[in-house]
Amino acid sequence: MISIADILLPEDVLLDMDVSSAAALFDEVSQTMERWHGVPRAQVAAALAEREALGPTALGQGVAIPHGRIAGLRVAHASYARPRRPLPFGARDGKPVSDFIILLIPERATDTHLGILADVSGLFTDPRFRDALHVCADPYAVLALFRSWRTAAA
Amino acid sequence: MKPADLCVGILTHENGCEIATLDAPDSPEPFRFPASPMGRDTLKVFLAGQRRPLWLAVSGTGAMDLAFAIDPAAPCNTYIVAQGVADDPVALARYASRAV
């Protein structure tokens, strides 16, 4: 089964982002997706905004999973984004969001989407994982944690 | 089943929640989500974001709660299946597809 660690690259990890709104965060992520994966920035921003218009993708506990379906995309892409200051994002528990897992999914890749979501919710349900993630100071440490946590927790 | 429709089976039990769809009808795969508010909310976010007509077959109290809690963007039909009749989310998804 696919996991977030399978598709997350060092370039996809954005830490200490100096943004004051979710729109600004989406814009920076969109630029990254265009630069490293060739997905047009406008298409990424539009897909994320379109999904958020249906209702917030915040999960509580400071975690959100904004995602969009992208026409013509061949494989899924992900980004882990951590703003310097947590952002309000419409979470039911009222907590601002400090951890954004942003997913770009091909149009007909429902199982890929579900597999990544299952992995992400399993990881972030564990408060020890969230705490460990917040200590990570660089993208390589973030990737190492995503890759190792399942094995360590098993 | 129409290609535009998404048939989903959701099964909950004390250890968590399992979901399967028939989007890849030849090799449907079950996915397990944790029995936590975050696991439940992740599934809500997934289902609420679907723009295709949804056909859900649910089994278990948690699955029923989930089906009634979502506010999907597209039309949604839900079938409640008694616990013990189906113990596999793929079988539930297939059950939902028979109604399409």
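The numbers here are math on the coordinates, done by the rules we state, and not lab data. Just so we're clear, the structure is a prediction, and the values are computed from it rather than from any experiment. Using ideal geometry, Cβ is built from the backbone for each residue, glycine included, and neighbour counts are taken over all protein chains shown.
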Can you give the translational diffusion coefficient of segment B:3-100 in µm²/s, computed by Stokes-Einstein from the Kirkwood radius over Cα pairs at 4 °C and 1.567 mPa s? 100
For peptide A:50-59, how many partner chain Cβ atoms fall within 10 Å of a residue's Cβ, on average? 5
Springs between alpha-carbon atoms under 10 Å, Gaussian network over chain B: tell me which of B:Asp65, B:Asp87, B:Asp26 tops the mean-square fluctuations. B:Asp26
When chain B is treated as a GNM, springs tying every alpha-carbon pair under 10 Å, which of B:Ala67, B:Ala20, B:Ala48 comes out with the largest mean-square fluctuation? B:Ala48
Work out the mean other chain Cβ neighbour count within 10 Å for the residues of B:46-57 and drop it here as an integer. 3
Quick check of the Kirkwood formula: for the protein assembly as shown, what is the inverse mean of 1/r over all pairs of different Cα atoms, in Å? 18.4
Take every Cα-Cα distance within segment A:1-74, group them into 10 Å bins from 0 onward, and report for each bin the whole-number percent of pairs it holds. 16, 51, 32, 1
What GluC sites (Glu not before Pro) does segment A:29-120 have in DSSP loop regions with at most 10 other beta carbons within 10 Å? A:Glu107
Residues of B:27-37, mean number of Cβ from any other protein chain within 10 Å of their own Cβ, rounded to a whole number? 5
With a ≥ b ≥ c the root eigenvalues of the C-alpha gyration tensor of segment A:1-142, is it rounded (a/c under 1.5), prolate (a/b larger than b/c) or oblate? rounded
Assigning unit charges at the beta carbon (Lys, Arg +1; Asp, Glu -1) and nothing else, what dipole magnitude in debye, to the nearest 20, does the protein assembly as shown show about its Cα centre? 260
